[in-house]
1. What distance in nm separates the simple spin-label points at SER177 and TYR22, each placed 7 Å from Cα in the Cβ direction?
2. Between segment 99-155 and segment 22-68, how many Å separate their Cα centres?
3. Taking the convex hull of the alpha carbon atoms in segment 3-62, what volume per residue do you get, in Å³?
4. Dividing the alpha-carbon Rg of segment 80-159 by 2.2 N^0.38 Å yields what?
5. Amide H to amide H under 5 Å from TYR73: which residues, 5+ apart in sequence or cross-chain, H placed 1.01 Å off N in plane?
6. Can you tell me which of 17-26, 65-74, 82-91, 167-176 comes out highest on packing, and rank the rest after it, using the mean Cβ neighbours within 10 Å?
7. Based on a Kirkwood Rh over C-alpha pairs, give the Stokes-Einstein translational diffusion coefficient of segment 1-120 at 4 °C and viscosity 1.567 mPa s in µm²/s.
8. Going from the alpha-carbon gyration tensor of segment 58-126, what semi-axes, largest first and in whole Å, does one get by taking the root of 5 times each eigenvalue?
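Please treat every number below as a calculation from the coordinates, not as lab data. This is a predicted model, so every value here is computed, not measured. In this analysis, Cβ positions are derived from the backbone assuming ideal geometry, glycine residues included, and neighbour counts consider all displayed protein chains.
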Amino acid sequence: MSDFSALRERLKKQCDEIIAQYEQPRSALLPLVHLFQQSEGYASPEALRAVAEMLDLSQAVVESTVSFYTLFYRKPVGKYMLQVCRGLACTLNGAEDIMAYFREQLGISHLQTTADGLFSYEEVECLAACDRATCMQVNLNFVYDLTSQMIDDMLAAMRAGKYAVPPLAQTRAPERSWTERQDFEVSTGGKSAGAQDQPDPNNPGGLDRDGIIMLDRILSDEARFKGRTNERLANVEPALAQVIEE
Ligand code: FES
């Protein structure tokens, strides 16, 4: 019996109990993937296939649902998955400095894992804890009101094996970096109209185009709005700097 078959057998009772809690079996999709992720350290392709089978769903439905959430790690990751929020409230409260500090202390960047397999680092969209910005998740546990001192203490405790949040299971060695393939790499012209020009999730952290426009709307009065926004956009995506002019 393969390792995954043995795991599936071992989790069968728990899976059945989860499915029984819902009127529609498909509602158990996320809890089931979460259960497998807890056991394997990531949402493996085998786990996604097993969940599709259990719920009588297509693989595409499971993949597309799971890929929406940064709660699920679709590649093997480090024992500590550090996900720092780069949403608007966190950015206004200093997330760019926090992210820069993490990158400096870890020696890795967005969507990368340290050589020893201990840390993976990702910059994610709003974690819905805006009142405690700047914030992050460590193996999905929230950490609020981040400071550089907190980051120092946290990383030291993790390295010493004394951090309050336990490490993830690591059933497969993580690669040094991972990126999700973009629509234009998978097919041409397949992106829906609403998804055109959306920020690239593989970009390193910082404000994207939409964040810049929103930030300037909050911080600036109408007279200063266009100039400030175009100046910022020109630094990020020069081709889009005309957006506000039109
Ligand atoms: S912007 Fe960071 S939690 Fe909402």
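1. Going from the SER177 label point to the TYR22 one covers 3.6 nm.
2. Comparing the Cα centres of segment 99-155 and segment 22-68, I get a distance of 26 Å.
3. Normalising the Cα hull of segment 3-62 by residue number yields 68 Å³.
4. Segment 80-159 yields a ratio of 0.98.
5. HN-HN under 5 Å from TYR73: ALA43.
6. Working: 17-26: 12.1, 65-74: 17.0, 82-91: 23.2, 167-176: 14.9.
Highest mean packing first, the order is 82-91, 65-74, 167-176, 17-26.
7. It comes out at roughly 80 µm²/s.
8. Working: eigenvalues 114, 64, 8 Å².
The equivalent ellipsoid of segment 58-126 has semi-axes of 24, 18, 6 Å.
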